[in-house]
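Notes follow the structure.
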Amino acid sequence: LAIAEDAPKNTATRMLRVMRLLIVKSLPEIVNLISYQDTEVHTGTIYRAAGWKETQKNESGDWQRPNRKRNAAQSLSPKVRWEYSLI
């Protein structure tokens, strides 16, 4: 989620709300939303303000798994998993 520095206050939280409402309207079979936060550059304020719940934290910051190869990590800082239940 990238937002210009001169965007109005609370733009990120508003964008999360609008996206959630669009998903509920167009994809009613979706029951849970998931997002990940890189702690190197964000504190999670937008998710808390939008009513999301912090459900998990990966302290190693590495998403590589033996059964799922990925590109080289852009950041090795801890990552936080956020969830929003639509039901």
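The values are calculated or read from the model by the stated rules, or taken from the named source; none is laboratory data. Just so it is clear, the structure is predicted and the values come from calculations on it, not from any experiment. So basically every Cβ, Gly included, is an ideal-geometry build from the backbone, and we count neighbours across all protein chains shown. Ligands, DNA and RNA are stripped out before the accessible areas are found, and what is left, the full protein with its side chains, is counted by its heavy atoms. Shrake-Rupley method; radii C 1.70, N 1.55, O 1.52, S 1.80 Å.
Values as computed for the structure displayed
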item	result
Selected from ILE46, ILE23, LEU1, residue furthest toward positive end of dipole (the chain; charges at beta carbon)	ILE23
Cβ-defined net charge surrounding TRP52, 13 Å radius [Lys, Arg +1; Asp, Glu -1]	+3
Accessible area of the chain belonging to carbon and sulfur atoms, whole % at 1.4 Å probe	53
Entries of LYS9/LYS53; LYS9/LYS79; LYS25/LYS57 with Cα pairs more than 28 Å apart	LYS25/LYS57
Coil-residue GluC sites (Glu not before Pro) of region 3-87, DSSP, other Cβ within 10 Å capped at 10	GLU5, GLU29, GLU59
Residue-averaged [θ]222 nm for the chain, counting only DSSP H segments that reach four residues, each worth -39500 (n - 2.57)	-7000 deg cm²/dmol
For region 65-87 versus region 25-59, the gap between their alpha-carbon centres in whole angstrom	11
Simple spin-label estimate for GLU5 and GLU40 in nanometres, 7 Å along Cα-Cβ	2.0
Nearest-0.05 FRET efficiency for ALA49 and VAL18, computed from C-beta distance (R0 22 Å)	0.95
Listed candidates (i) 131; (ii) 84; (iii) 102 - label of the one calculated as volume of the Cα convex hull per residue in Å³	(i)
Computed label-point distance, nm, for sites ARG68 and SER85 using a 7 Å Cα→Cβ extension	2.3
Lys, Arg +1 and Asp, Glu -1 on Cβ, resulting dipole of the chain about Cα centre, debye, nearest 20	280
Per residue accessible area in Å² of the chain, where ligands, DNA and RNA are left out and the probe is 1.4 Å	78
